[in-house]
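To keep things clear, I will list the structure first and then write my remarks on it.
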Amino acid sequence: MTESEPHYTGLIKKYMQRLPLDAGGKIVSLGEGQTPLIECKNVAIANQHDVHLYLKFEGLNPTGSFKDRGMTVAVTKAVQEGSRAIICASTGNTSAAAAAYAARAGISAFVLIPDGKIAMGKLAQAMIHGAIVIQVRGNFDDGMRLVKEVASHAPVDIVNSINPYRLQGQKTAAFEIIEDLGKAPDFHCLPVGNAGNITAHWIGYTESCSHHGSIKTEACALCEGNCQFMQQAAVIQSRPKMIGYQASGSAPFMRGAMVDAPETIATAIRIGHPQSWERAWKVAQESGGWFDECSDEDILAAQRTLACDEGVFCEPASATSIAGALRDIASGKIPAGSSVVCTLTGHGLKDPDTAIKQCTSKMITIDAELEEVKSAILSNMD
């Protein structure tokens, strides 16, 4: 940037003309967006099949997850309409983002979390930002039901992904991918829990591929196919196939029905009743993509692969996109020569306990002596 250019202040300022907000109103931002698109260099399966594999690392947003994209728009909209409090149900990342953006806005945040089913890193974020944390004896879906019920009895705005402004913020990740690649990828793989993020990306790709309403999507709750943000001229000529991967113990899209007792190590997608159920099915249908599932073992193996081979540390739920993509690349379902983007939704520091439990590298304890340091190094050289 030159001295005459303002520094980057967040995705709302950058994409204001493509967002349903009052340009003259207060903006609540923490500088979210502009996350890196990292090309994998050392993942063997991708290299063997000549696949160009990229990681959209959303864990480098201010609170460590993609939720910041949606939260900046949802909280900004709430504040512009005079709201003094927001509420959400969360497996962790939404509560962290809601708490941070509420603190930034100077309003109250109430978060409902499943009792004992949230990674400590995420709980710490919600609490340190001053949110009122309400633990529910149940799972995320119980919390979501209560949030929807209480919103009609208390002066609070829901900031879960049922809020269409959340997805408007999250669609900007697709804009950034197009800017970085100069086109849309052939395939875009995402972990799926509530299914809002895969829907949001599809909205973003559709807006970028359309001009004067020539291409539409029925997945957008804001416009229902009559988008006001279509480009005057198409930026891209085609949209990617959208692939959604779920954890096997929490895979309603694979079961064809809601799952009442979801369970998986990937806590961020431990959701049995996705709120964007119908719209996500539209995404798969319109894009020619599909849903699939991954075991917890495969998810953790993918997390280790990224950490050890690429130097990228994501939380388990994020690794679901890589686990599924690598399997489909190996089988040929994703063809050789394809360009593939995998969204990593959250940083590994969100759930350090799970990471430490599966570490294979050993910790060595020595006396404070030169010879012991030397011995420890030489005996562990490759």
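The values are calculated or read from the model by the stated rules, or taken from the named source; none is laboratory data. On a predicted model such as this, the values are computed, not experimentally measured, just so you know. A quick note on method: Cβ atoms are made from the backbone with ideal geometry, for glycine too, and the neighbour counts reach across all protein chains shown.
Observations on the structure shown:
- Each residue in region 20-64 was checked for being buried (at least 23 other Cβ atoms within 10 Å of the Cβ) and modelled with pLDDT under 95, and 1 pass.
Residue by residue, here is whether (1) more than 19 Å from Ala44 (Cβ to Cβ); (2) assigned by TED's automatic domain parsing to the domain that holds Ala96; (3) in contact with a strand residue (DSSP E or B) (Cβ under 9 Å, 6 or more places away or on another chain); (4) outside any loop (DSSP other than H, G, I, E, B) holds:
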| residue | (1), (2), (3), (4) |
| --- | --- |
| Phe291 | yes, no, yes, yes |
| Ala317 | yes, no, yes, yes |
| Ala325 | no, no, yes, yes |
| Lys362 | yes, no, no, no |
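- Among (1) under 18 Å from Gly59 (Cα atoms); (2) of a type in the set (D, E, K, R); (3) in a loop (DSSP other than H, G, I, E, B) - the single one Asp353 does not satisfy: (3)
A quick yes/no check of all residues on (1) more than 29 Å from Ile265 (Cβ to Cβ); (2) in contact with a helix residue (DSSP H, G or I) (Cβ under 9 Å, 6 or more places away or on another chain):
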position: Lys122; (1), (2): no, yes
position: Gly130; (1), (2): yes, yes
position: Ala151; (1), (2): yes, no
position: Ile162; (1), (2): no, yes
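- Any chance Asp141 is over 13 Å from Gln275 (Cα atoms), assigned by TED's automatic domain parsing to the domain that holds Ser108 and in contact (Cβ under 8 Å) with a residue 40 or more places away in the chain: no
- Matching residues, region 192-216, being hydroxyl-bearing (Ser, Thr, Tyr), farther than 11 Å from Phe229 by Cα and surrounded by fewer than 24 Cβ atoms within 10 Å (Cβ to Cβ): Ser214
- Strands (runs of 3 or more DSSP E) contained entirely in region 1-116, each with at least 2 residues that are under 22 Å from Ile269 (Cα atoms): 52-57, 85-89, 108-114
- Residues in region 109-123 that are of a type in the set (Gly, Ala, Ser) and surrounded by fewer than 18 Cβ atoms within 10 Å (Cβ to Cβ): Gly116 alone.
For every residue, the table says whether it meets (1) basic (Lys, Arg); (2) farther than 16 Å from Lys56 by Cβ; (3) outside any helix (DSSP H, G or I).
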site	(1), (2), (3)
Ala174	no, no, no
Gly193	no, yes, yes
Asn197	no, no, no
Thr206	no, yes, no
Thr217	no, yes, yes
Ser238	no, yes, yes
Gly244	no, no, yes
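- In this structure, Ala78 does satisfy being in contact with a strand residue (DSSP E or B) (Cβ under 8 Å, 6 or more places away or on another chain), outside the structural domain of Gly324 (by TED's automatic domain parsing) and surrounded by 19 or more Cβ atoms within 10 Å (Cβ to Cβ).
- Any hit, region 334-345, residues being touching a residue at least 60 places away in the same chain (Cβ under 8 Å) and more than 18 Å from Tyr54 (Cβ to Cβ): no
- Taken over region 172-201, the residue count meeting the criterion of being touching a residue at least 24 places away in the same chain (Cβ under 8 Å) and out of contact with any Gly (no Cβ under 9 Å at 6 or more places or on another chain) is 9.
- Among the candidates Asp309, Asp298, residue that is outside any strand (DSSP E or B) and farther than 18 Å from Ile243 by Cα: Asp309
- Candidate set from region 213-258 (those that are over 14 Å from Val192 (Cα atoms) and in contact with a Pro (Cβ under 7 Å, 6 or more places away or on another chain)); member that is modelled with the highest pLDDT: Pro240
- Looking across region 148-191, just one residue is acidic (Asp, Glu), farther than 28 Å from Leu53 by Cβ and exposed (fewer than 15 other Cβ atoms within 10 Å of the Cβ), and that is Glu149.
- Of the candidates Ala151, Ala105, Ala98, the single residue that is under 22 Å from the mean Cα position of the chain (by Cα) and either free of Cβ contacts under 8 Å to residues at least 12 places away in the same chain or on the phi < 0 side of the Ramachandran plot (or both) is Ala98.
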